[in-house]
1. Which condition breaks for GLY240 when tested against (1) farther than 23 Å from TYR312 by Cβ; (2) not in a helix (DSSP H, G or I)?
2. Consider segment 205-231. How many of its residues are in a loop (DSSP other than H, G, I, E, B), surrounded by fewer than 24 Cβ atoms within 10 Å (Cβ to Cβ) and touching a residue at least 24 places away in the same chain (Cβ under 8 Å)?
3. Can you tell me which of SER10, SER99 is surrounded by fewer than 21 Cβ atoms within 10 Å (Cβ to Cβ), in contact (Cβ under 8 Å) with a residue 12 or more places away in the chain and hydroxyl-bearing (Ser, Thr, Tyr)?
4. Here are some conditions: (1) modelled with pLDDT under 95; (2) in contact with a Cys (Cβ under 9 Å, 6 or more places away or on another chain). GLN266 meets all but one. Which one does it not meet?
5. Take segment 166-204 and flag every residue that is in contact with a Phe, Trp or Tyr (Cβ under 8 Å, 6 or more places away or on another chain) and assigned to a helix (DSSP H, G or I).
6. Hey, can you tell me all the residues within segment 75-96 that are of a type in the set (Asp, Glu) and assigned to a loop (DSSP other than H, G, I, E, B)?
7. Consider segment 97-132. How many of its residues are in a strand (DSSP E or B) and within 24 Å of SER220 (Cβ to Cβ)?
8. What are the residues in segment 215-268 that are among the aromatic types (Phe, Trp, Tyr) and either touching a His at 6+ places or on another chain (Cβ under 7 Å) or under 21 Å from LEU168 (Cβ atoms) (or both), if any?
Amino acid sequence: MKILVINSGSSSIKYQLVEMPSKTVICSGMVERIGLENPMIHYKSNVNEVNEVMHIPDHHIGLEKMTQLLLDKKIGVLKNVDEIEAVGHRVVHGGCAFSNTTLIDQKVKDKIQELFERAPLHNPPNFIGIEVAEKIFPKAKQIAVFDTAFHQSIPEEAYKYAIPNKFLDENHIRVYGFHGTSHKFVSEKAIDYLGKENSKIITIHLGNGCSITAVENGKSKDHSLGFGPMNGLIMGTRSGDIDQSVIMYLVNNLGYSLDEVNSILQKKSGMLGLTGLSDLRDIEDAAEKGNKTCQIALEMNAYRIKKFIGSYAAVMNGLDAIVFTAGIGENSDVIRKLVCTNMEFLGIKLDLEKNSVRSKDIREINTAEAQTKILVIPTNEEIEIAKQSFKLLS
């Protein structure tokens, strides 16, 4: 069975065409920096590769360009769209409506749209992916895999907010958690690597969106993102945790509307707000050249991660390993070094030479004597989505 996996993020689209159940990747690629300067499309099969800068102002155009490559007569891997039997979609927010992988129909689409305001940077591009795929692959089953599903195991003391109970009972306001497909994938890989079923692991997903999860015995126990995907760690354009009083002050004293504040916190804050840049590669380059603003932004980013590591180690009463994953987590030796410095109390000791090496394989970058493993595990949300989609249809 050929399953096309579409993972539409806030500024990127990852895709893989996977033969199941063998998990053979027929082709893969990415559309990155959507709506930003110098957007690129990447495409790779066993015999061809494309890396091209092109005009990609939005996700709709990005998905169309991706499909053109799949069907291209010279380098494509599909002769006909009917070869695709299923399209698996990453959907960020499932709310209380979805806790499992789901076949998409109009009711499911309507519910995903209802949840736009809870994940405004994600559910809309996720929805566009579904709409475009339905038109291009009309005979394929469309399947939604929800980021929130993995975090259904978070206990009540962690998912409940200290606000009047009616808001949970009547309005379902609670911690849902996100990036669950990634955290599930890398935590399972870490458990296999450690050979330890009863494990205490912290998975750190760092991309344009960032999150961190306490995973105990394979189950999500706590997570940095909450009701929507904007709190917790500092992200590309999102602020992460902020004192609620700041929001009140912006509205009541500085005259901003709630919509304006929401836009500031979602789209104009984080590393972009701190530096004027949203791509961490650009920020690291500027910091290396002596840019003090970028240097302090990187320090702030790492400081926030360290705070969560400490709190989650306390919640689990121990720590076997921390895992870095996703675009920044896998590739930024700078961030990993900043996070792992002065963490000996938790058994975290970084080997600088190992940290500087890049690889697509699971790798251990702690010193030999370290009590806590530091692992870099490439995430593969697409394979996880393909697995769950195939299981649903089997």
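The values are calculated or read from the model by the stated rules, or taken from the named source; none is laboratory data. Bear in mind that the values here come from a model prediction, so they are computed numbers and not experimental data. Using ideal geometry, Cβ is built from the backbone for each residue, glycine included, and neighbour counts are taken over all protein chains shown.
1. Exception for GLY240: condition (1).
2. The qualifying residues number 5.
3. Numbers: SER10 fails: surrounded by fewer than 21 Cβ atoms within 10 Å (Cβ to Cβ).
One residue alone meets the criteria, SER99.
4. Tallying (1) modelled with pLDDT under 95; (2) in contact with a Cys (Cβ under 9 Å, 6 or more places away or on another chain), GLN266 fails exactly one: (2).
5. Let us first name the residues in segment 166-204 that are in contact with a Phe, Trp or Tyr (Cβ under 8 Å, 6 or more places away or on another chain), namely 167-168, 173-177, 180-181, 183-184, 202, 204.
Once the filter is applied, which keeps residues that are in contact with a Phe, Trp or Tyr (Cβ under 8 Å, 6 or more places away or on another chain) and assigned to a helix (DSSP H, G or I), segment 166-204 yields PHE167, LEU168, GLY180, THR181, HIS183, LYS184.
6. If the condition is that a residue be of a type in the set (Asp, Glu) and assigned to a loop (DSSP other than H, G, I, E, B), then GLU85 is the only one that fits.
7. Residues meeting the conditions: 1.
8. Within segment 215-268, the first condition is being among the aromatic types (Phe, Trp, Tyr), and the residues that meet it are 227, 249, 256.
PHE227, the sole residue that qualifies.
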